[in-house]
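Some notes on the structure that comes next.
The values are calculated or read from the model by the stated rules, or taken from the named source; none is laboratory data. Owing to the predicted nature of the structure, the values given are computational and were not obtained by experimental measurement. Heads up, the Cβs are rebuilt from the backbone with ideal geometry, glycines too, and the neighbour counts pull from every protein chain shown.
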Amino acid sequence: MNQTGLGLYIHIPWCEKKCPYCDFNAHALPIAHQLDPTLETRYLKQLLLDLDQDIETFGVHSELTSLFLGGGTPSLLSSRGLGFLLAEINKRLPITAATECTLEANPGSSDQAKFVGYRAAGINRLSIGVQSFSDPALQRLGRTHSRVEAGAAIQAARRAGFSNINLDLMHGLPGQTPESAIADLDYAAQFAPEHLSWYQLTIEPNTVFFSAKPELPVESLLQAITDQGLHWLQSQGFARYEISAFAQSDALQSQHNLTYWRFGDYFGIGAGGHGKLSRQNTTLEIQRTQKTRVPKDYLKSPNRRVTEVPIKERPIEFLMNACRLIEGFALTDFEQTTGLPASALEGFITRGAQQGLVTANAGRVTPTAQGLEFLDNLLLLA
Ligand SMILES: C[S@@+](CC[C@H](N)C(=O)[O-])C[C@H]1O[C@@H](n2cnc3c(N)ncnc32)[C@H](O)[C@@H]1O
Ligand code: SF4
C-alpha cells in the first residue's frame, strides 16, 4: 500500500429506475421501490466474500482512510443491513473515528429514520444526488424526486445529525440559462452544504439521452453557465479543489475521491467495482481489480479480474487523475505512487508548459486554467 492511505469502494448496483443520462453500472430494481430483503442479504454476503478474496490476494489489513458506498443507489439499503456490513468490514479492515464513511443517497429513497440508522451504523458523510432544484429540469432528467423532496431529504439528513453533506448538482441542462443555473446554486446554499459536486451534463454512449439527444444549451451559453457558476461558488466560500469538486474548507474535501486523484490505493467491491492496489516487492507492483457488472452474475461469483498496470501505462494513468486537481501534484508523489523516476514526465511537462497547459515549479506540476478546461488536450501530451 502506498502512503496516500487506503480506501474501500462498495458498489450498490440498483436504482428505483434508470435515469436517461446515466451510464453508471446501475440497474432498475427487480421489484419496484424497494430492495427485497432476501436480495439485500445475499448481496451483502457476496460483498464480504468479495472483500475476503481481495484481502487474501493482496495481504492488506490496514485501517481504512475512507469508505464510500456508491451506486446505483446505496440509500436503498436498510440501516440494519448497512450496520451489519460496516461491522463485518471493521473486523477485516479497521474503521476508526478518523475514517471518512460516505454514502450516496437519492432523495427519492431517503427518509429521516433511515438516515438516523445510517449515522448509528457509522456513516459520517452523506452525498445527496439532487441534480437540480428546478422541477421542470428534474422531470426532463427523469428523476423520481421533486425540488421539495430534495430539500426535505437534506433537512432530514441534518436532523439525523449529519454535519458533512455533499450535494451533487448538474449544469448545462436542457433549457438551462446562466440565471437558472445560478438559481440552483443559490437554492442549494440555503442548506449550507459543506461540499458541492457541480458536474456538467455529458451525453454518454449507451444512455437514452445518447439515442434521443435532448437540446442542450449552445456552446456560448455553456461557457457563460460555467464562468458564472465558478464565480458564484468562489464568492460563497466553496474552494474548487478538483474540476467538479468544491469544499468549504480543506478538511471537508472528499478524502475518498482524493485517494483516486492522488493515485492512491483502494479496494473496490460489488458488481462492476474497480480497485487499485500497489505492493512494494523488488519493484513497485500496481494491480487493478474489476468485478463482474451484472448483479445476477455477481451474485453467483464476483468473477474478479486482476490486471497489472504496466510501466508504460503508469504515467498516463497517474496524470489522468492528478491533473484533475487544482493543486496538481508533487513530482515526489509521482515517484512514490508509480515507482518511476520524475524524469519519466520530462517530455509531458515541457510540451504542457509550451502550450500553457501546466506550470512546473519547485518540484510541483500544476495544471493552468486552460489545462483544467482542456484536460483531454493536456493528457494527449503524455
Ligand atoms: C454515481 S451517480 C449516483 C448518485 C445517485 N444515484 C443519484 O443519482 O442521486 C453520481 C453523480 O454523478 C452525476 N452524473 C451521473 N451521470 C452524469 C452525466 N451523464 N453527466 C454529468 N454528471 C452525471 C450525478 O450528479 C450523480 O449524482
Ligand atoms: S439514480 Fe443515480 S446511479 Fe441511478 S440511474 Fe439515476 S443517476 Fe444513475
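Of all the listed residues (Ala113, Ala120, Ala87, Ala97), the sole one being outside any helix (DSSP H, G or I), farther than 30 Å from Thr207 by Cα and away from ligand 1 (no atom under 16 Å from the Cβ) is Ala97.
Which one is farthest from Ala382 (Cα to Cα) among residues in the stretch 286-317 that are free of Cβ contacts under 8 Å to residues at least 24 places away in the same chain and in a strand (DSSP E or B)? Checking each candidate, the answer is Arg305. Take the conditions (1) touching a residue at least 60 places away in the same chain (Cβ under 8 Å); (2) closer than 22 Å to Thr99 by Cβ; (3) of a type outside the set (D, E, K, R); (4) within 16 Å of ligand 1 (Cβ to nearest atom); Leu76 misses just one of them, which is (2). Is the stretch 192-201 home to any residue that is in the same structural domain as Pro20 (by TED's automatic domain parsing), modelled with pLDDT of 95 or more, in contact with a Pro (Cβ under 9 Å, 6 or more places away or on another chain) and not polar (S, T, N, Q)? Yes, the stretch 192-201 contains a residue that is in the same structural domain as Pro20 (by TED's automatic domain parsing), modelled with pLDDT of 95 or more, in contact with a Pro (Cβ under 9 Å, 6 or more places away or on another chain) and not polar (S, T, N, Q). The residues listed here are Ser127, Ser132, Ser109, Ser62; of these, the one that is modelled with pLDDT under 95, out of contact with any Phe, Trp or Tyr (no Cβ under 8 Å at 6 or more places or on another chain) and hydroxyl-bearing (Ser, Thr, Tyr) is Ser109. Identify the residue in the stretch 118-137 that is out of contact with any Lys or Arg (no Cβ under 7 Å at 6 or more places or on another chain) and closer than 14 Å to Gln176 by Cβ and, among all such residues, is surrounded by the fewest Cβ atoms within 10 Å (Cβ to Cβ). Out of the qualifying residues, it is Pro136.
Tell me, please, whether a residue that is within 20 Å of Ser66 (Cα to Cα), part of a helix (DSSP H, G or I) and in the same structural domain as Pro20 (by TED's automatic domain parsing) can be found in the stretch 129-152. Within the stretch 129-152 (the criterion being within 20 Å of Ser66 (Cα to Cα), part of a helix (DSSP H, G or I) and in the same structural domain as Pro20 (by TED's automatic domain parsing)), the answer is no, since none of the residues qualifies. Within the stretch 173-211, the residues that satisfy the criterion of being within 16 Å of ligand 2 (Cβ to nearest atom), out of contact with any helix residue (DSSP H, G or I) (no Cβ under 6 Å at 6 or more places or on another chain) and not polar (S, T, N, Q) are Trp198, Tyr199, Leu201, Glu204, Pro205, Val208, Phe209, Phe210.
Taking the listed residues Ser62, Ser79, the one that is more than 28 Å from Asn206 (Cβ to Cβ) and in contact with a strand residue (DSSP E or B) (Cβ under 9 Å, 6 or more places away or on another chain) is Ser62, with no other qualifying. Entry remark, the stretch 16-26: residues being near ligand 2 (Cβ under 6 Å from one of its atoms) and under 17 Å from the mean Cα position of the chain (by Cα) number 3 in total.
Within the stretch 81-119, being under 23 Å from Ala28 (Cα atoms) and acidic (Asp, Glu) holds for Glu104, Asp111.
Among what's in the stretch 134-144 and is out of contact with any strand residue (DSSP E or B) (no Cβ under 8 Å at 6 or more places or on another chain) and touching a residue at least 12 places away in the same chain (Cβ under 8 Å), pick the residue that is farthest from ligand 1 (Cβ to nearest atom). Among them, the one singled out is Pro136. Among the residues making up the stretch 226-275, those that are part of a helix (DSSP H, G or I) and touching a His at 6+ places or on another chain (Cβ under 8 Å) are Thr226, Gly229, Leu252. Among the residues examined, Thr226 does not qualify as within 12 Å of ligand 1 (Cβ to nearest atom), under 22 Å from Ile243 (Cβ atoms) and either of a type in the set (Gly, Ala, Ser) or modelled with pLDDT of 95 or more (or both). Checked against the criterion of being more than 15 Å from ligand 2 (Cβ to nearest atom), acidic (Asp, Glu) and touching a residue at least 24 places away in the same chain (Cβ under 8 Å), the stretch 27-46 has at least one qualifying residue.
Taken together, Asp184, Asp168 contain a single residue that is within 18 Å of Gly129 (Cα to Cα), outside the structural domain of Gln370 (by TED's automatic domain parsing) and in a helix (DSSP H, G or I), which is Asp184. If you filter the stretch 352-369 down to residues that are in contact with a strand residue (DSSP E or B) (Cβ under 9 Å, 6 or more places away or on another chain) and in a helix (DSSP H, G or I), you find that the one that is surrounded by the fewest Cβ atoms within 10 Å (Cβ to Cβ) is Ala353.
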